[in-house]
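Peer 1: One structure follows; several queries about it will come next.
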Amino acid sequence: MNEHVDHHADIETFDLAPISLWLEDFSGVKHLFEKWKQSGVTDIRSYLREDEGRIKQCSSLIRVLKVNKKTLALFEANDFNHLTGNLGSVFRDDMLQSHIQELSALWDGDTEFSSDTVNYTLTGRRLDIQLRGAILPGYEDSWTRVLLSIEDVTEREDARRQQIESKRYAEGLFEHSPVSLWVEDFSRIKRLLDDVREQGITDFRVFTDVHPEFVGQCASEIRVIDVNNETLRLFLAPDKLTLLRRLPDIFRDGMDVHFREQLIELWNGNLFHQRETVNYALDGTERHVLLQFSVLPGHEQDWSLVQISLTDITARKKAEAYLEYLGKHDVLTKLYNRAFYVDELNRLERREFHPVSIIILDLNGLKVINDQWGHGVGDGLLRRVGEVLGGAVKPPCYAARIGGDEFAILLPAVDALGCASMIEEIRSLIEINNQYYSNIPLNISIGWATSHVGEKMEAVAKRADLLMYEDKRSHYSSENERRNLD
């Protein structure tokens, strides 16, 4: 009676267990193993891997004796016959390779085995499972009773796969970002700033004025953890190791000024900030970049993980510089233009420079040359004037093209003697230029004036302009006299 009760209780425990249980007969596998051993098979793993058909042969010899209710529910089977009649749908694909692990354990004499593998429900849903098996006590010689438990770990494996995919996605975004990305450790810098704060310092800007070496000390404590592919491309580095070894070549010259401002931002609690700065590629060329600094979430207390992005704005800066150049320069002659000339006149008047000399020049005969030889030849003459004046006039003096064939030179703090010297230099350079371009010589009319105390700049320019026209009339009078004589 007690044996019957115990047996009934065992059946009920098996059937109501909260985990999938399978009672199976492996005796056919045991007999097959004995044949293989007699034929000389020693390495079961290699033997099974050589021919997948051998794995399938082993599987076909396993007989399912019993499963519990949890098994039917897990594999979406109506009953025992529904399940066992469709085992080919349950155990398939990558299940066969993991089966090698279980068979190898039995071959080696183990009475227990386990594996992580994949099964499928009868509706085709994938199940990640953790399988454990054991030959029941008393059946070690026959393998006629083997108990298997199957735990559904699909949710856990899905989470793990999702984590791997998220990591791969994040790494892909980092590595293939179109901007330069740096992951760095600023924790030592935070400790240095905290130490300064503990000394009672409240005005960090004044502190760095007094102790500029502190900025360099902080810079030396930055630890670069990783950089992405765009960083290597931007700075022309062949690999990450070369880049990290040559960081002083990238961050040099005026970088301390920019880094100091970063430190002030951090001191003031701004864990996200941005600014424009200049770095250098490994070939020495400039890289204008927009730097964006961010302490990553979860690291606000120690700054052990920060991300810095560098967007290359070199092309934009060059475009801005060129537009600024165009706004102040004459494209043909490379001299300053009339707008700059007018602004500079006003600036000189506001600054009350004294004396200021102004030279006005006009290219003689440009209209005739344009009519006879074409505007291309005329433009060539204007470019030559630009070469002459560009060679003669250096800052703080300026040469400008203020009309079609009219030029002006502003000479702040230059008296009449200095102005005469400049004119002599210009005439000398014109002679040299004409030796190189002997077919059509440059011929220029010149007028100049030096300011009187309190005289308006416009009045000085007008005096110089009138003298230039006198020189031009004299030139054309001489030309006419020469022609008449001819």
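The values are calculated or read from the model by the stated rules, or taken from the named source; none is laboratory data. As the structure is a computational prediction, the values presented were derived from the model and not from experiment. Cβ placement follows ideal geometry from the backbone for every residue including glycine, while neighbour counts extend to all protein chains displayed. Accessible surface is based on the protein model in full, side chains and every heavy atom, while ligands, DNA and RNA are left aside. Shrake-Rupley method; radii C 1.70, N 1.55, O 1.52, S 1.80 Å.
Peer 1: Sorted by average packing, counted as other Cβ atoms within 10 angstrom per residue and highest first, what order do 183-194, 319-330 take?
Peer 2: Ranking, from highest mean packing down: 183-194, 319-330.
Peer 1: Right, another one. Applying a 10 Å radius around every beta-carbon, put 405-417, 71-83 in order of their mean neighbour count, most first. The partial results should precede the final answer.
Peer 2: Numbers: 405-417: 19.8, 71-83: 15.8.
Ranked by mean Cβ neighbours within 10 Å, highest first: 405-417, 71-83.
Peer 1: Can you check what the net charge comes to around W303, using other residues whose Cβ is under 10 Å from the Cβ of W303 (Lys, Arg +1; Asp, Glu -1)? Each step should come with its number before you reach the end.
Peer 2: Numbers: positive: R188, K190, R191; negative: E184, D185, E300, D302.
That sum, taken over residues with Cβ under 10 Å, equals -1.
Peer 1: Same structure again: For region 276-433, with only Lys/Arg (+1) and Asp/Glu (-1) charged at the beta-carbon, what is the dipole magnitude about the Cα centre, in debye rounded to 20? Write down the numbers at each step before the final one.
Peer 2: Details: 16 positive and 23 negative charges, 42 e Å.
Computed about the Cα centre, the dipole is about 200 debye.
Peer 1: Let me ask something else about it. Rounded to the nearest 20 debye, what is the charge dipole size of the chain about its Cα centre when +1 sits on each Lys and Arg Cβ and -1 on each Asp and Glu Cβ?
Peer 2: On the way: 57 positive and 80 negative charges, 297 e Å.
Using Cβ point charges on Lys, Arg, Asp and Glu, the chain gives about 1420 debye.
Peer 1: On the accessible surface of region 104-207, probed at 1.4 Å, how many percent belong to carbon and sulfur atoms? Walk me through the numbers before you get to the answer.
Peer 2: Working: 2870 of 5900 Å².
After summing per-atom areas, the C and S share lands at 49 percent.
Peer 1: Rounded, prolate or oblate: which fits region 306-394 when a ≥ b ≥ c are the square roots of the eigenvalues of the alpha-carbon gyration tensor, with rounded for a/c under 1.5 and prolate only if a/b beats b/c?
Peer 2: Values: a/c = 3.33, a/b = 1.44, b/c = 2.32.
Oblate.
Peer 1: Do me a favour and compute the ellipsoid semi-axes for region 171-226 from its Cα gyration tensor, root of five times each eigenvalue, largest one first, whole Å. Provide the component values of the computation, followed by the final result.
Peer 2: Details: eigenvalues 191, 27, 19 Å².
Whole-Å semi-axes of the equivalent ellipsoid: 31, 12, 10.
Peer 1: Starting from the Cα of L65, step 7 Å along the direction of its Cβ; do the same at H211; then give the gap between the two resulting points in nm.
Peer 2: Label at L65, label at H211, 8.1 nm between them.
Peer 1: Here are labelled values, (1) 1.95; (2) 1.16; (3) 1.05, and one is the computed Cα Rg over 2.2 N^0.38 Å for what I pasted. Which one?
Peer 2: Evaluating Cα Rg over 2.2 N^0.38 Å on these atoms matches (1).
Peer 1: Turning to a different aspect of this structure: Just need the relative contact order of region 304-430 here, percent rounded to a whole number, with Cα pairs under 8 Å and 6+ apart.
Peer 2: Numbers: 133 pairs, mean separation 39.3, N = 127.
Normalised by residue count, the contact order of region 304-430 is 31 percent.
Peer 1: Another question, if that's okay. Taking the Cα atoms only, what angle lies between the long axis of helix 375-392 and the longest principal axis of the chain, rounded to 10 degrees?
Peer 2: It is inclined by approximately 90 degrees.
Peer 1: Here's another thing I want to ask about it. Add -39500 (n - 2.57) for each DSSP H run of 4 or more in the chain, then divide by its residues: what number comes out at 222 nm, to the nearest 500 deg cm²/dmol?
Peer 2: Values: 22 runs with 254 residues, N = 486.
My calculation for the chain gives -16000 deg cm²/dmol from helical runs alone.
Peer 1: Ignoring ligands, DNA and RNA, what accessible area per residue does the chain give at 1.4 Å, in Å²?
Peer 2: Values: 27220 Å² over 486 residues.
Here the per-residue accessible area is 56 Å².
Peer 1: Okay, moving on. Return a whole-number percent for the relative contact order of the chain, with Cα pairs under 8 Å and 6 or more residues apart as the contact set. Intermediate values should be presented prior to the final figure.
Peer 2: Working: 696 pairs, mean separation 45.6, N = 486.
Relative contact order for the chain comes out at 9 percent.
Peer 1: Carbon and sulfur together cover what percent of the accessible area of region 277-410 at a 1.4 Å probe radius?
Peer 2: It is 55 percent, rounded to a whole number.
Peer 1: While we're looking at this one, here's another question. Going down the table (K394/K456; K367/K394; K328/K462), which pairs top 27 Å between alpha carbons? Walk me through the numbers on the way to the answer.
Peer 2: Details: K394/K456 24 Å; K367/K394 29 Å; K328/K462 22 Å.
With Cα atoms farther than 27 Å apart: K367/K394.
Peer 1: Positive end of the charge dipole of region 347-486 (Lys, Arg +1 and Asp, Glu -1 on Cβ, about the Cα centre): tell me which of L348, A464, L363 has its Cα farthest that way.
Peer 2: L348
Peer 1: Also, I was wondering about something else. How much net charge surrounds P18 when only other residues with a Cβ under 14 Å from its Cβ are counted (Lys, Arg +1; Asp, Glu -1)?
Peer 2: Details: positive: K69, K70; negative: E12, D15, E151, D152.
Charge balance near P18 sits at -2.
Peer 1: Nearest 10 degrees, 0 to 90: what angle lies between the long axis of helix 338-351 and the longest principal axis of the chain (Cα atoms)?
Peer 2: So the helix axis and the longest Cα principal axis differ by about 80 degrees.
Peer 1: Just to confirm a number: summing +1 for Lys and Arg and -1 for Asp and Glu over residues other than H31 whose beta-carbon lies under 14 angstrom from that of H31, what do you get? Kindly include the intermediate steps, with their values, before the conclusion.
Peer 2: Details: positive: K30, K35, K37, R63; negative: D25, E34, D141.
My count for the surroundings of H31 gives +1.
Peer 1: Oh, and also: Is any residue of region 285-319 close enough, with backbone N under 17 Å, to a label point placed 7 angstrom from the Cα of F174 along the Cα-Cβ axis, and if so, which?
Peer 2: Under cut-off, by backbone N: 293-300, 303-310.
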